[in-house]
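Take a look at the structure set out below.
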Amino acid sequence: MKSLALHWKILIGMLLGVTFGFIMLEVQGGGDFIASWIKPIGTIFVKLLKLIAVPLILASLIKGISDLKDISKFASIGLKTIIIYVLTTVIAISIGLILVNTLNPGDGVSTETIAKLTETYANDSSVQGKIAEASRQQASRPLDFLEAMVPDNAFLALSNNKLMLQVIFLAMFLGISLLLVGEKSAKPLKDFFDSLNDVVLKMVDLIMLTAPFAVFSLLANVVVSSGDPELLYALMFYAGVVVGGLFLMICFYLVLVSVITKRNPIWFLKQISPAQLLAFSTSSSAATLPVTMERVEEHLGVDKEVSSFVLPVGATINMDGTSLYQAVAAVFIAQALNFDLTFADQLTIVLTALLASIGSAAVPGAGMVMLVIVLESVGFPADKLAIGLALIFAVDRPLDMCRTMVNVTGDATVSMIVAKIEGKLHTPKSKEWDDHLEEVK
């Protein structure tokens, strides 16, 4: 009997997790039960993915660069990647602005709802923390972003998942140096990283065996900690506009896949779906990165020398879903609080959201920090920032899940496009966790 495909197992786990979460809401002490006995399963799963993220990026990127026969190809791949990421982000922001200006979701928010949301969330420590973090980022100098990319301690960079750009820089520097020392001198170290890459990808396969149980845990916990249902319902129109924009962005990706790579878009969705579902469950494109790389290389047929650069960079700077959300959220807040935005202001939103997305962390909640920067760029009153964030805070987590899924889909799409342009897109050869099990029995 053929085993059920992984994406169906994950979907079943998600549905059961949501159902179980709603049941536990009606049971006294249900939330405490999930926090004590269910949530740790999902937490361990996410920790395992983060555990292998840095070794995978290091080994994969070094292998990809050191396999190149022509160093100029790396520059070509890098330039195409950045240009395509910028273009897709601008399109995402534009879709968000067109929808929110057409549907005007902020006009339907009553003063009572604004007052209740403000009372509930305006003084929340998380909201205040986002504002403080945004102020810190805005105080940085123009070239601080480039300075932060270069590590002064390799081991420190490798020990912190938040320093992903430093890991990418280190891997690129090492990979290029391996090319330049000659094949004979490079071989021992190259063989080590080739072997490490294979081992880490096998670790991904093993971790994914627990994915259905992990998403059950993660979504059950999201449901029981979702807050006041009445406030969620009051923001359904705004949330619907965001989700509608994200859906249009997915459709845009499918068109790109079909037109440029000549692959079936339904096939593309089927192959990338485990990474999408994990992105939805974890709200972190960085945590999902090992799975995204495994799906893109083994199931979409993208060569490692492309995926090893495009995907880690994408998880760090490509935030199409988040940028679209910021465009909608910024205009929604302005509409609800009667703050007029001119056409020039909306162009400012496009530019600021684009620049903010490049420096945004690939972790849950980073979009709220970016939103503060976007709002302040159009002169939104500082004393109303907390109120503005309070308006959308109730539905931020479920929308964060949706936009992270779009971010990951965008990364996979761009990797396929770059691979197609570079002639590095081939017939997929997937590997299973038990391929060599008989050898060690």
- Message: more than 16 Å from Val331 (Cα to Cα), modelled with pLDDT of 80 or more and surrounded by fewer than 16 Cβ atoms within 10 Å (Cβ to Cβ): which single residue out of Thr427, Thr404, Thr409 fits that description?
- Response: Thr427
- Task: Go over the candidates Ile207, Ile260, Ile266 one by one and state the one that is surrounded by fewer than 18 Cβ atoms within 10 Å (Cβ to Cβ), touching a residue at least 60 places away in the same chain (Cβ under 8 Å) and not small (Gly, Ala, Ser).
- Result: Ile260
- Got a sec? Which helices (runs of 4 or more DSSP H) wholly within segment 339-441 have at least 3 residues that are over 21 Å from Arg136 (Cβ atoms) and free of Cβ contacts under 8 Å to residues at least 40 places away in the same chain? 343-359, 437-440
- Spot the failing condition for Arg136; the list is (1) at pLDDT below 80; (2) outside any helix (DSSP H, G or I), and only one is missed. (2)
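Only one residue in Leu235, Leu201, Leu189, Leu219 is in contact with a helix residue (DSSP H, G or I) (Cβ under 8 Å, 6 or more places away or on another chain), aliphatic (A, V, I, L, M) and modelled with pLDDT under 90. Which one? Quick ask: steps written out before the conclusion?
Working: Leu201 fails: modelled with pLDDT under 90; Leu189 fails: modelled with pLDDT under 90; Leu219 fails: modelled with pLDDT under 90.
Checking each option against the conditions leaves just Leu235.
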- Message: Can you confirm whether Ala315 is surrounded by 18 or more Cβ atoms within 10 Å (Cβ to Cβ), under 29 Å from Thr113 (Cα atoms) and not acidic (Asp, Glu)?
- Response: no
- Query: Somewhere in segment 41-53, is a residue surrounded by 19 or more Cβ atoms within 10 Å (Cβ to Cβ) and not aliphatic (A, V, I, L, M)?
  - Reply: yes
- Note on the structure: Inside segment 1-40, the number of residues satisfying the requirement of being buried (at least 19 other Cβ atoms within 10 Å of the Cβ) and free of Cβ contacts under 8 Å to residues at least 24 places away in the same chain is 0
- Message: On the basis of being farther than 16 Å from Gly410 by Cβ, surrounded by fewer than 19 Cβ atoms within 10 Å (Cβ to Cβ) and at pLDDT 95 or above, does Gly244 make the cut?
- Response: yes
- Task: Working carefully through the options Ile131, Ile114, Ile98, find the one that is under 30 Å from Phe252 (Cβ atoms) and of a type in the set (Val, Ile, Thr).
- Result: Ile98
- Query: When residues of segment 101-112 are filtered for being buried (at least 17 other Cβ atoms within 10 Å of the Cβ) and either touching a Pro at 6+ places or on another chain (Cβ under 6 Å) or modelled with pLDDT under 85 (or both), how many remain?
  - Reply: 1
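The values are calculated or read from the model by the stated rules, or taken from the named source; none is laboratory data. Just so it is clear, the structure is predicted and the values come from calculations on it, not from any experiment. No Cβ is skipped: glycine too gets one built from the backbone with ideal geometry, and neighbour counts run over all protein chains shown.
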